[in-house]
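The structure appears right after this line, and notes come after that.
The values are calculated or read from the model by the stated rules, or taken from the named source; none is laboratory data. None of these values were measured; they are calculated from a predicted model. In this analysis, Cβ positions are derived from the backbone assuming ideal geometry, glycine residues included, and neighbour counts consider all displayed protein chains. When the accessible area is computed, the model is the full protein with side chains, heavy atoms only, and any ligands, DNA or RNA have been set aside. Shrake-Rupley method; radii C 1.70, N 1.55, O 1.52, S 1.80 Å.
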Amino acid sequence: MRSWSWRQFRHSSCTDAIVTTPEADQRHYWDGLSELDPDAAVIDPNDHRGLKNAYLASIRDRAFKEGVDRRGIRQGTVLDLGCGSGSSTLPLLREGHSVVGVDISPGLLRHASIRCQNEDALFVLTDGRCLPLARDSLDAAVTYVVLSYIVDDARVLRVMDDVRQALSPGAPFIMIEQARRRRRTMENGRKVQRTLTEWSRLLALAGFTLERRTILRHGRFPSTPLIRAGLLPSRAWGLARRMEAIVASRSGVFPWDYAEVCFEASA
Ligand SMILES: C[S@@+](CC[C@H](N)C(=O)[O-])C[C@H]1O[C@@H](n2cnc3c(N)ncnc32)[C@H](O)[C@@H]1O
């Protein structure tokens, strides 16, 4: 019989010995972040003043609103995939939509329920592999930097396919994700920034038709650190956003940086 000694465990932490799934790891990670301020938890936990997070959220919410409005959807049933603490859910509710928020983290969903209490919202916990949604039950779906946290393409495809089946035929899926010129895995293997081609291909394989692809901003555009440091007043944020969009439309994804890209697809 084999006898274990402490020497055999010397170089491994406790978690090394535990068999874990990527989904369990994600849940643990996001639940840990849910101890923080609800806005910091889901975008940049180190943005202590919250200005950068508010700026990025404003770009996200505007892209969602424009995408949904463009399809003439009023008071629709909208999925917020990976809704986190409900930061993107509330603006959709205020637009008059009913929102189903789905997330892998019970801790973040608790924040979302508090933020959106008394509103027409339903929050659902997912195991991160498949979505518990009925066929043809949605008028639109949105998501912001969630599928980047599913590193396995086959699993992304499965989730995208579930979204497509839950949407009525022709309904929009507005997906904002981070893209790079070359695929890059980061955050200890927990996140992947895919290329524009890879994201587009996954949407096509899941049965979506890509209607529009817009680079919203670059990760290291100079306005973001200025806003974060409080050097650009909020009245100038609209101008910063427009400048970012103009530069992005001409430059494409920079070789040295990631970009946040809005993919508008139809089911
Ligand atoms: C960067 S945060 C964005 C949160 C939210 N979309 C927002 O804009 O505030 C990523 C979110 O994805 C969620 N998430 C990660 N993997 C997931 C999965 N497989 N299924 C559903 N949600 C997931 C996390 O819990 C977290 O709330």
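With respect to the conditions (1) part of a helix (DSSP H, G or I); (2) in contact (Cβ under 8 Å) with a residue 24 or more places away in the chain; (3) surrounded by 14 or more Cβ atoms within 10 Å (Cβ to Cβ), residue 249 falls short on a single one, namely (3). Please find, within the stretch 131-148, the residue that is farthest from residue 25 (Cα to Cα) out of those that are touching a residue at least 40 places away in the same chain (Cβ under 8 Å) and in a loop (DSSP other than H, G, I, E, B). Applying the filter and picking the extreme gives 139. Considering each residue of the stretch 187-195 in turn, at least one proves to be surrounded by 15 or more Cβ atoms within 10 Å (Cβ to Cβ), away from the ligand (no atom under 14 Å from the Cβ) and farther than 27 Å from residue 93 by Cβ. Looking across 98, 34, one residue alone is of a type in the set (Gly, Ala, Ser) and in contact with a helix residue (DSSP H, G or I) (Cβ under 6 Å, 6 or more places away or on another chain). It is 34. Tell me the residue from 140, 171 that is open to solvent by less than 60 Å² (accessible area, probe 1.4 Å), under 16 Å from the mean Cα position of the chain (by Cα) and more than 14 Å from the ligand (Cβ to nearest atom), please. Being open to solvent by less than 60 Å² (accessible area, probe 1.4 Å), under 16 Å from the mean Cα position of the chain (by Cα) and more than 14 Å from the ligand (Cβ to nearest atom) holds for just one of 140, 171, which is 140.
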